[in-house]
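The values are calculated or read from the model by the stated rules, or taken from the named source; none is laboratory data. Owing to the predicted nature of the structure, the values given are computational and were not obtained by experimental measurement. For neighbour counting, all protein chains shown are included, and Cβ atoms are generated from backbone atoms with ideal geometry for every residue, glycine included.
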Amino acid sequence: MSQLAQASRDALSAGGALAAQLDNFVPREAQQRLSTAIAEAFEGREVLLAEAGTGTGKTFAYLVPALLSGLKTIISTGTRALQDQLYHRDLPRVRNALGTGLKSALLKGRANYLCKYRLEQAKGEPRFTTREQISQFQRIVSWGGRTQYGDIAELDALPDDSPLLPMVTSTNDNCLGTDCPFWSDCFVVQARQRAQSADIVVVNHHLLLADLALKQEGFGEILPGAQAFVIDEAHQLPELAANFFGESFGMRPIQDLARDCLAECKDIPGALASLQVPVRALEQALRELRAGMEGLPTRGTRFRALAKPEVRAGFDALTESLAHLIEAVVAMADASLGLDACASRAKDSATRLARWLEDGTTSGESHVVDLEDGAPLPTSDVLWYELTQRGFRCQRTPLDVSGPLREHREKSHASWVFTSATLAVSGGFDHIATRLGLEDPPTLLQPSPFDWPKQALCYLPQNLPEPNTRGFGTALIAALYPVLQASNGRAFLLFASHRALREAAETLRDAPWPLFVQGEAPRATLLQRFRESGNGVLLGAASFREGVDVVGDALSVVVIDKLPFAAPDDPVFEARLEAIRRDGGNPFRDEQLPQAVIALKQGVGRLIRSETDRGVLVLCDPRLTGKPYGRVFLDSLPPFARTREVAEVQRFFGVAPTLPDATQDSEQDWYEAARF
């Protein structure tokens, strides 16, 4: 065992620094094993792929060797919320307990920092549609005059989707760089300077991947060079990387460009007269294109979109209107730095649009994917679109990001630790290793240290119909009702689709427990109300598989309606399956099944969050027991005690069984027994 590995194990032991300095710290052998493996990877500048089951304490397990090693370390988390928690809570506690004086820094993407130039540009502009927006903008102005770091997260009252945010933050496209009059006071520049001089830098996956993508395009390194990387929540990395190594354009960025063109006309004689007409024409072209896309599936291939004449005509009109705007703004570019930046952005938008519209067979890019009849065959990139309620996004996405991820990792000559609670499938790492570009990496599978047979029970209801048949939703609620009665609510119901979620919410409206439904309030608000209710029922869809962290009795049941196989209408996923098939692989075995197993494990991980938690997992998909592949899912879960009898669930919660055994009742009997 290396010196760093021994020191890390000692620090996390019963007589170590953390036990002596931190209240409620509980030494865990699993945590010490994980920390030892991470320390060995650090010392040897090696790769480690490690699954750490819930309760292992992986955050402390990697913070201790990172702080004791003295290596320049980048720690990347899955979300900004986890990033803030790590930097503001966990890192200071461990650093103080170890008594190290290492410097740390928090670094986010530029859209998370106030831009003083754009704040000044927004003042006095008639862009606000409500009194609330005016009030929020005034609060931003007041806060902007006193903030030290300019981190938008400091503004608790500002929603994440506030339309004010693009007005007061910058993007790579609209940043003026060293030409900005506020360059010396720029919060983004200051944050990067702090990161350059820090020993530990905490980032998120979006920023890390944006940096890798920029490196690939030759723009240089944003993040400081590091000797060690820790990628927490590493299961998210391949999907996120596909977006960052691709290319996109959308309705909102082009609308922002149009708005900024007019904003930059302030104090420039003749500018407004020159730009107003092409800007309004561009905005109209965007609206007409979006209207022409009505009736298309929410997501689909470029081929499908352009097959609709209204959409093809809409893109032609958008191309023409962008060309007119470029002509007008280029003529004014010398008048101000802002207009010069707008000219560059307009040209970039036109280039991205043209690349997306090009037919790969005529442009020489035979690698472009469209999967529809008559379209090029897939080998590398997928061209697709996505509709939102009021806009659209067009994307070029690579099928395989393992190459660029491997290239950057090898060039860094650093240690790379990939860890998560959900990486392995049936105890193996082959799937995630392939997607991350890792060839036969050292691995560690550290199971959750919780006492699963005593703390939890897995209930597999009998007699439920196949999940895609009519009546499944009704039968599901009927089967769940005695469980919810036994637990007195305190349940999290996770649905494979928003439609199923809405139907269940409607059915449960008159149930005797408070109901908290995704979409009816901000996520953080819903979770807080759910915790405080004590007996609520929380309903969520796929995005709630992660981040629902409720310790204690408030969450005592997790229900998963269907096995979380990826949606068949996802054009990128469909293209990936086709590529596997062409290469002689088995799409279901090699991609669909392992992806679904990892997604299921994420949802299951919401149930038991501490050594004192108790709860019941309800898996409602009969394919778990009726299909051969069901065993792969069950073998990948913690060692639950399992039952097919609802009476066992009732006894788990200390309730005397009152309903007959499910095997003796028809669906109708169950429904009648469960009716409100």
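Brief remarks follow.
- Sole exception among (1) surrounded by 15 or more Cβ atoms within 10 Å (Cβ to Cβ); (2) touching a residue at least 40 places away in the same chain (Cβ under 8 Å) for residue 159, by number: (1)
- Summed over segment 194-213, the residues that are without any contact (Cβ under 8 Å) to a residue 40 or more places away in the chain and surrounded by fewer than 17 Cβ atoms within 10 Å (Cβ to Cβ) give a count of 1.
- Considering each residue of segment 426-436 in turn, at least one proves to be crowded, with 20+ Cβ neighbours inside 10 Å, basic (Lys, Arg) and closer than 30 Å to residue 40 by Cβ.
- The criterion of being at positive phi, surrounded by fewer than 20 Cβ atoms within 10 Å (Cβ to Cβ) and modelled with pLDDT of 95 or more does not hold for residue 463.
One line per residue, one yes/no per condition, for (1) among the acidic types (Asp, Glu); (2) closer than 21 Å to residue 121 by Cα; (3) without any contact (Cβ under 8 Å) to a residue 60 or more places away in the chain; (4) outside any helix (DSSP H, G or I):
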position: 294; (1), (2), (3), (4): yes, no, yes, yes
position: 310; (1), (2), (3), (4): yes, no, yes, no
position: 324; (1), (2), (3), (4): no, no, yes, no
position: 345; (1), (2), (3), (4): no, yes, no, no
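- Extreme residue, surrounded by the fewest Cβ atoms within 10 Å (Cβ to Cβ), among residues of segment 408-424 that are outside any loop (DSSP other than H, G, I, E, B) and at pLDDT below 95: 411
- Flag if residue 372 is surrounded by fewer than 18 Cβ atoms within 10 Å (Cβ to Cβ) and either in contact with a Phe, Trp or Tyr (Cβ under 9 Å, 6 or more places away or on another chain) or at pLDDT 95 or above (or both): yes
- Members of segment 501-536 found to be of a type in the set (Gly, Ala, Ser), closer than 20 Å to residue 603 by Cβ and surrounded by fewer than 17 Cβ atoms within 10 Å (Cβ to Cβ), listed by number: 519, 524
- Residues satisfying the stated conditions in segment 491-511, i.e. touching a residue at least 24 places away in the same chain (Cβ under 8 Å), part of a loop (DSSP other than H, G, I, E, B) and in contact with a Leu (Cβ under 9 Å, 6 or more places away or on another chain): 495, 496, 508, 511
- Neighbours by Cβ (under 8 Å, 6+ apart or cross-chain): first from segment 179-193, surrounded by fewer than 20 Cβ atoms within 10 Å (Cβ to Cβ) and modelled with pLDDT of 90 or more; second part of a helix (DSSP H, G or I) and among the aromatic types (Phe, Trp, Tyr): 181/117; 182/117; 189/183
- Some residue of segment 69-83 being of a type in the set (Val, Ile, Thr), in a helix (DSSP H, G or I) and modelled with pLDDT of 95 or more: no
- Cβ-Cβ under 7 Å pairs, at least 6 apart or on other chains, segment 103-117 side touching a residue at least 12 places away in the same chain (Cβ under 8 Å), far side of a type in the set (Val, Ile, Thr) and surrounded by fewer than 19 Cβ atoms within 10 Å (Cβ to Cβ): 110/171; 111/171; 114/147
- Meets criteria (hydroxyl-bearing (Ser, Thr, Tyr), farther than 28 Å from residue 523 by Cα and without any contact (Cβ under 8 Å) to a residue 40 or more places away in the chain) for residue 135: no
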